[in-house]
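Colleague: Quick one: the structure is below, and I'll ask about it shortly.
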Amino acid sequence: MTPTVSELEFTQQLSANPKSAQDRDAILAAPGFGDYFTDHTAVVDFSVDADGQGNWKNARIEPYGPITLDPAAAVLHYGQEIFEGLKAYRHADGTIWTFRPEANAARLNRSAARLALPQLPEQVFLDAIRGLVTADQDWVPTRDGDSLYLRPFMIATEAFLGVRPAREVSFRVIASPAGNYFGGELKPVSIWISRNYARAGRGGTGAAKCGGNYAASLAAQLEAEANDCKQVLFLDSFNDNAVEELGGMNVFFVFKDGRLVTPALTGTILEGVTRSSVMQLARDRGLDVQEREITLDEWRDGIASGEISEVFACGTAAVITPIGLLKDESESIGAADAKAGEVTMSIREQLLGIQTGTVEDTHGWLTRLA
Ligand SMILES: *Cc1c(COP(=O)(O)O)cnc(C)c1O
């Protein structure tokens, strides 16, 4: 399916009853993560015509609200769904910017290819987020580090229970004001080693950002929470317990000799935009960045010997989060009350600074939205 797109113009239908400024301000005072949504949504529909040609059409900004779906819609039965996550930040001069959106557009299309969904032209992706953020710009927080989290997603809407790629699809973007993802001050998190569940397997969907991967991670997440951990670490148990990633974040190891190591992309790991940005910033400061296999044994031994001085996780939602303790039923690596490491904090400050406009954007990573 190679969809064509001819000059897709977004129409705009503004909400007749947006939140009052007072209600919105109350939400922005304590936004949390993913709890509140703005007044509008961006939508683009896709269908395959009788001649087999796929087309994106009906691009629109419309009031936020429930989606009407046929109960037989393929997404509800076979999980043909993908998503993205990126943030819009308000800079000190009031302008609104986002970070490397073209990387998210490209990744959406890689995920689409894996889930047999249609390719979305990058320009349509960018126009959708720009249109939505423009309509909802009052929702972009002003407080330092807060942001408007943007959630593009694509779902198979066709009513058909046979098993094949859907011929009707919808691409949408919703937006949600976001504070600090883990809440409160930046403390190292405790991580649970998943021994009973895998997130991804060879040839599977681990490299695609699809809802199914998250559904598959929830039982492990429950185990983690029952053991006082915030997140789960997934390992490749068929391969010497090679470290893969957390349920929604990539992992980095700072070595005291100046190496920065992250698991190589093997097809079972999600290629984070934050991951690639961290690698670039680390190279800029002369660290020896290595993408390679790193096993749980190397983690354990490195912490014990002091060779590994810091471990952190990264992703759009939480940016960079230090990892203190790693544990399972039989062992503990590190300490829950460990201090956030210097390299971790310094890269975090720099990345957040670029995103929020207080540090120079030397890589051209920012795109203005409004
Ligand atoms: C989204 C995601 C990440 C982080 O990617 P970013 O582009 O940095 O936000 C990491 N792992 C998984 C499984 C993800 O879904």
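Colleague: To the nearest 20 debye, what is the magnitude of the charge dipole of region 285-370 about its Cα centre, counting +1 on the Cβ of each Lys and Arg and -1 on the Cβ of each Asp and Glu?
Modeller: I would put it at about 480 debye.
Colleague: Shifting gears a bit: Angle between the Cα long axis of helix 211-226 and the longest principal axis of the chain, 0 to 90 degrees, nearest 10?
Modeller: Roughly 40 degrees between the two axes.
Colleague: While we're looking at this one, here's another question. Say the cut-off is 22 Å between C-alpha atoms; which of LYS187/LYS327; LYS230/LYS256; LYS57/LYS209; LYS57/LYS87 go over it?
Modeller: In this structure, LYS230/LYS256; LYS57/LYS209; LYS57/LYS87 lie more than 22 Å apart at Cα.
Colleague: I would also like to ask the following. Taking every Cα atom in region 5-178, find the radius of gyration and the maximum pairwise distance Dmax, and write them in Å.
Modeller: My reading of the Cα-based Rg and Dmax gives 16.6, 53 Å.
Colleague: In µm²/s, what is D for region 189-356 at 4 °C and 1.567 mPa s, where D = kT/(6 pi eta Rh) by Stokes-Einstein and Rh is the Kirkwood radius from Cα pairs?
Modeller: 81 µm²/s
Colleague: Going by average Cβ neighbours within 10 Å, how do the peptides 101-113, 313-325 rank, with the highest at the top?
Modeller: 313-325, 101-113
Colleague: What order, most packed first, do the peptides 326-332, 85-91 have when packing is the mean number of other Cβ atoms within 10 Å of each residue?
Modeller: Ranking, from highest mean packing down: 85-91, 326-332.
Colleague: Another question, if that's okay. When you count, for each residue, the other Cβ atoms within 10 Å and take the mean per peptide, how do 248-260, 291-303 rank with the highest first?
Modeller: So the order, starting with the most tightly packed, is 248-260, 291-303.
Colleague: Something else now. Roughly speaking, what is the stretch gain from ASP45 to ARG164, that is 0.36 nm per residue apart minus the C-alpha to C-alpha distance, in nm to one decimal?
Modeller: Answer, rounded to one decimal: 41.0 nm.
Colleague: Could you tell me what a quarter of the Cα convex hull surface of the chain works out to, in nm² with one decimal place?
Modeller: Mean shadow area of the hull around the Cα atoms is 19.2 nm².
Colleague: Next question. Suppose a student asked you for the relative contact order of the chain, using Cα pairs under 8 Å spaced at least 6 residues apart; what percent would you report?
Modeller: Normalised by residue count, the contact order of the chain is 18 percent.
Colleague: Is region 305-350 rounded, prolate or oblate when judged by the Cα gyration tensor, a ≥ b ≥ c being the square roots of its eigenvalues, rounded requiring a/c under 1.5 and prolate requiring a/b larger than b/c?
Modeller: oblate
Colleague: Determine the per residue accessible area of region 189-356 with all protein chains present and a 1.4 angstrom probe, expressed in square angstrom.
Modeller: Solvent-accessible surface per residue comes out at 41 Å².
Colleague: If you count only protein heavy atoms with a 1.4 Å probe, what accessible area per residue comes out for region 1-78, rounded to a whole Å²?
Modeller: 61 Å²
Colleague: For region 189-356, with all protein chains present and a 1.4 Å probe, just round the carbon and sulfur fraction of the accessible area to a whole percent.
Modeller: About 47 percent, which is the carbon plus sulfur part of the accessible surface.
Colleague: Still on this model: Taking the Cα centre as origin and putting +1 on Lys and Arg beta-carbons and -1 on Asp and Glu beta-carbons, what dipole magnitude results for the chain, to the nearest 20 debye?
Modeller: 300 debye
Colleague: What would the Debye equation give as log₁₀ I(q)/I(0) for region 117-174 at q = 0.14, 0.22 Å⁻¹, counting only Cα atoms as equal point scatterers?
Modeller: Per q value, in the given order, log10 I(q)/I(0) is -0.53, -0.90.
The values are calculated or read from the model by the stated rules, or taken from the named source; none is laboratory data. This one's a predicted model, so the numbers in the text were calculated from it and none came from an experiment. A quick note on method: Cβ atoms are made from the backbone with ideal geometry, for glycine too, and the neighbour counts reach across all protein chains shown. When the accessible area is computed, the model is the full protein with side chains, heavy atoms only, and any ligands, DNA or RNA have been set aside. Shrake-Rupley method; radii C 1.70, N 1.55, O 1.52, S 1.80 Å.
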